1. Being more than 22 Å from V9 (Cβ to Cβ) and hydrophobic (A, V, I, L, M, F, W, C) is the filter here, so list the residues in segment 37-77 that pass it.
2. Looking at (1) open to solvent by less than 60 Å² (accessible area, probe 1.4 Å); (2) closer than 25 Å to P181 by Cα; (3) in a helix (DSSP H, G or I), which one does T33 not meet, given that it meets all the others?
3. Of the residues F67, F40, F114, only one is under 19 Å from I126 (Cβ atoms), in contact with a Phe, Trp or Tyr (Cβ under 6 Å, 6 or more places away or on another chain), of a type outside the set (D, E) and open to solvent by less than 50 Å² (accessible area, probe 1.4 Å); which?
4. Which of the residues that make up segment 43-64 are open to solvent by less than 30 Å² (accessible area, probe 1.4 Å) and under 16 Å from Q102 (Cβ atoms)?
5. Going through segment 1-16 one residue at a time, which ones are open to solvent by 30 Å² or more (accessible area, probe 1.4 Å) and either β-branched (V, I, T) or touching a helix residue (DSSP H, G or I) at 6+ places or on another chain (Cβ under 6 Å) (or both)?
6. Kindly indicate whether any position in segment 116-126 is of a type in the set (K, R) and touching a Gly at 6+ places or on another chain (Cβ under 9 Å).
7. Residues that are in contact with a Gly (Cβ under 8 Å, 6 or more places away or on another chain), open to solvent by less than 50 Å² (accessible area, probe 1.4 Å) and modelled with pLDDT of 70 or more: does segment 172-180 have at least one?
Amino acid sequence: KLTKNQIHVSNEINADLKSNFKMFRLLHGDVGTGKTIVSFIAASNVIESNWQVALMAPTEILAKQHFNLARSTYPKKINIALLTGKTISKEKKKIKKEINQQNIDIVFGTHALFQKNIIFKKLGYIIIDEQHKFGVNQRKNLSDKGGKNCDVLLMSATPIPRTLIMSVYGDMDISLIKEKPKHRK
């Protein structure tokens, strides 16, 4: 069951997704507060609206963890894929083709996602986990694949002072998950 805080943050994100403006939001919360599930709920809404989703993580291990969670969370009708630098060539070629034909709803990956030869048909929502581990150009290169209206959600568990957020990221909305789900270690 979602916490009140997770529901509130989900509503903030979904309001941004429904608006006529590009979402650029930082989702901040300690490890275990449910940032990933909140991002998955928003991803479900984007997929239901016939858009693609990309989730980029800084390591293959983290990308695989998100991918495995998605496989156990999403219904079978949602097509998901994992694309990293270690994906074998034959599989990588197949995934690239499927992304381009919009046969993949959500792709999880690492730096491999923003390479020039990855072409999305209809990318509408990007989730970047541990966003501080990516450079500005890397985040921009992935965002550009969705066009000027592609919504972006950055996630971080690393404390970032508000003044630093404003000076580095400028006009960014911030959502904070403060409470952990009950019975969570």
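The values are calculated or read from the model by the stated rules, or taken from the named source; none is laboratory data. Remember, it's a predicted structure, so these values are computed and weren't measured experimentally. Cβ atoms come from the backbone with ideal geometry, glycine included; neighbour counts cover every protein chain shown. Quick note on the areas: whole protein, heavy atoms, side chains included, nothing else; ligands and nucleic acids left out. Shrake-Rupley method; radii C 1.70, N 1.55, O 1.52, S 1.80 Å.
1. Within segment 37-77, I61, A63, F67 meet the criteria.
2. With (1) open to solvent by less than 60 Å² (accessible area, probe 1.4 Å); (2) closer than 25 Å to P181 by Cα; (3) in a helix (DSSP H, G or I) applied to T33, the lone miss is (3).
3. Numbers: F40 fails: in contact with a Phe, Trp or Tyr (Cβ under 6 Å, 6 or more places away or on another chain); F114 fails: in contact with a Phe, Trp or Tyr (Cβ under 6 Å, 6 or more places away or on another chain).
Unique residue meeting the criteria: F67.
4. Of the residues in segment 43-64, the ones open to solvent by less than 30 Å² (accessible area, probe 1.4 Å) are 43, 46-47, 52-58, 62-63.
Across segment 43-64, the qualifying residues are A43, V46, I47, Q52, V53, A54.
5. Residue satisfying the conditions is I7 alone.
6. First, pick out the residues of segment 116-126 that are of a type in the set (K, R): 116, 121-122.
Subset that is touching a Gly at 6+ places or on another chain (Cβ under 9 Å): 122.
Within segment 116-126, one or more residues are of a type in the set (K, R) and touching a Gly at 6+ places or on another chain (Cβ under 9 Å).
7. Within segment 172-180, one or more residues are in contact with a Gly (Cβ under 8 Å, 6 or more places away or on another chain), open to solvent by less than 50 Å² (accessible area, probe 1.4 Å) and modelled with pLDDT of 70 or more.
For (1) free of Cβ contacts under 8 Å to residues at least 60 places away in the same chain; (2) among the hydroxyl-bearing types (S, T, Y); (3) assigned to a helix (DSSP H, G or I), each residue gets a yes or a no:
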position: S10; (1), (2), (3): yes, yes, yes
position: L26; (1), (2), (3): no, no, no
position: A43; (1), (2), (3): no, no, yes
position: I78; (1), (2), (3): yes, no, no
